[in-house]
Amino acid sequence: MKTFFHVSDIGDLRKALDEALEVKANPFAWKHLGTDKTIMLVFFNSSLRTRLSSQKAALNLGMNPIVLNIGQDSWKLETEMGVVMDGDKSEHLREAIPVMASYCDIIGVRSFAGLSDREADYNETVLSQFIRYSGKPVISLESATVHPCQAFADLITIEEHRTKDRPKVVLSWAPHPKALPQAVPNSFAEWMNAADVELVITHPHGYELDPRFVGNAKVEYDQMKALEGADFVYAKNWSCPGVTNPGDYGKILSKDMGWTIDERHMAVTDNAFFMHCLPVRRNMIVSDAVIDSPRSLVIPEAANREISAQVVMKRMLESL
Ligand code: SN0
């Protein structure tokens, strides 16, 4: 595996899930694979789970992880091509990427959407430079449009908890005080479309996700109707994807607290599990009662981030 970006990169999902369960049962069985190998984890943005689970997964495989926080530990990096570098950015990605690549065997990159230029974000301008100029396998640790390590961990969590052959999974928008990227809902929709589940997406008008991620999922604007009979409720805020109105890209169109997942919402489901990628704003995205209930999967879901990262790194080490 040379890139981990889209669901197609992991190949057969049944095989990937079986491999994830094997890795979970026996995390140190592939420790020889990473001997004398180094993974560079590059962060342009904050992280808790991604940083820790990636390092832990690398250690389980016997690899040496190096973590770099851009702009804090390093120079501030210029990411745009052809600019006069007379501002506060001291070094260009064009040099920084091959230099970082020369010290490692695999690179993971976190680089959030800027949320001002839809075209630049949806062309993945930063991640694609890493793929182009590193010559190394590249993992998206949440880039402008996708968060595949999260979506794979979500799928593992659903696989472990489902009681039906084809569970109903509802991705629900929820309110948030800040404008957030669409990477998590994009990848969640992409992976659920590829998995054997019934996916329903619900959000206020104007929050339509990019059609390439929505695929064949049902979009239901009535949140309560969408939640009826759900087996899994996946809450997430995202800012306007600019699909119906490009001028609104990255904006907050609604803070309607009626969309906060609370017991009234969970009551119409089929005793659904609650999921969220974390970090979560309590009583904005989800009520205390729901996230603290026995049906909340947020902690096992986060724990599975180690497993998804390990399967991806294992596959990359196997194909070095
Ligand atoms: C990120 C996002 O893409 O929504 C990372 C999620 C894995 N979340 C945030 O930036 C939340 C920040 C906040 O202040 O709540």
Considering each residue of the stretch 158-211, count those that are within 16 Å of residue 144 (Cα to Cα) and in contact with a helix residue (DSSP H, G or I) (Cβ under 9 Å, 6 or more places away or on another chain), and give that number. 12
Considering 89, 37, 56, which residue is out of contact with any Leu (no Cβ under 9 Å at 6 or more places or on another chain), of a type in the set (Lys, Arg) and modelled with pLDDT of 95 or more? 56
One residue is enough: does the stretch 152-169 have a residue meeting the conditions within 14 Å of the ligand (Cβ to nearest atom), under 22 Å from residue 42 (Cα atoms) and not acidic (Asp, Glu)? yes
State which residue pairs qualify: first residue more than 13 Å from residue 234 (Cα to Cα) and among the charged types (D, E, K, R) and inside the stretch 175-188, second residue more than 6 Å from the ligand (Cβ to nearest atom) and in a loop (DSSP other than H, G, I, E, B) in any location, beta carbons under 9 Å apart, and separation of 6 or more residues or different chains. 178/237; 178/239; 178/252
Could you identify the single residue in 143, 134 that is buried (at least 24 other Cβ atoms within 10 Å of the Cβ), in contact with a helix residue (DSSP H, G or I) (Cβ under 6 Å, 6 or more places away or on another chain) and of a type in the set (Ser, Thr, Tyr)? 143
Restricting the search to the stretch 89-121, which residues are more than 15 Å from the ligand (Cβ to nearest atom), crowded, with 18+ Cβ neighbours inside 10 Å and under 19 Å from the mean Cα position of the chain (by Cα)? 106, 107, 118
Determine the pairs where a residue that is under 11 Å from residue 263 (Cα atoms), located within the stretch 283-301, has a partner that is of a type in the set (Lys, Arg) with Cβ atoms under 6 Å apart, the partner being 6 or more residues away or on another chain. 288/282
Just one of (1) over 20 Å from the mean Cα position of the chain (by Cα); (2) away from the ligand (no atom under 14 Å from the Cβ); (3) more than 17 Å from residue 145 (Cβ to Cβ) trips up residue 246, so point out which. (3)
I'm trying to understand the selection: among the residues of the stretch 33-54, which are under 13 Å from residue 150 (Cα atoms) and either assigned to a loop (DSSP other than H, G, I, E, B) or within 12 Å of the ligand (Cβ to nearest atom) (or both)? 47, 48, 49, 50, 51, 53
Give 97, 139, 158 a once-over and let me know the one that is more than 21 Å from residue 194 (Cα to Cα) and modelled with pLDDT of 95 or more. 97
Subset tally (residues that are without any contact (Cβ under 8 Å) to a residue 24 or more places away in the chain and not in a helix (DSSP H, G or I)) for the stretch 1-32: 4
Give the number of residues within the stretch 270-282 that are more than 13 Å from the ligand (Cβ to nearest atom) and either buried (at least 21 other Cβ atoms within 10 Å of the Cβ) or within 24 Å of the chain's Cα centre (by Cα) (or both). 3
Checked against (1) part of a loop (DSSP other than H, G, I, E, B); (2) within 26 Å of residue 31 (Cα to Cα), residue 100 satisfies every condition except (1)
Might you check whether a residue that is surrounded by 16 or more Cβ atoms within 10 Å (Cβ to Cβ), of a type in the set (D, E, K, R) and closer than 30 Å to residue 91 by Cβ occurs anywhere in the stretch 13-35? no
With respect to residue 41, determine if the residue is in contact (Cβ under 8 Å) with a residue 60 or more places away in the chain, within 18 Å of residue 3 (Cα to Cα) and under 22 Å from the mean Cα position of the chain (by Cα). yes
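The values are calculated or read from the model by the stated rules, or taken from the named source; none is laboratory data. Every value quoted in this text rests on a predicted model; they were computed, and no experiment measured them. As a convention, Cβ positions derive from the backbone with ideal geometry for all residues, glycine included, and neighbour counts pool all protein chains shown.
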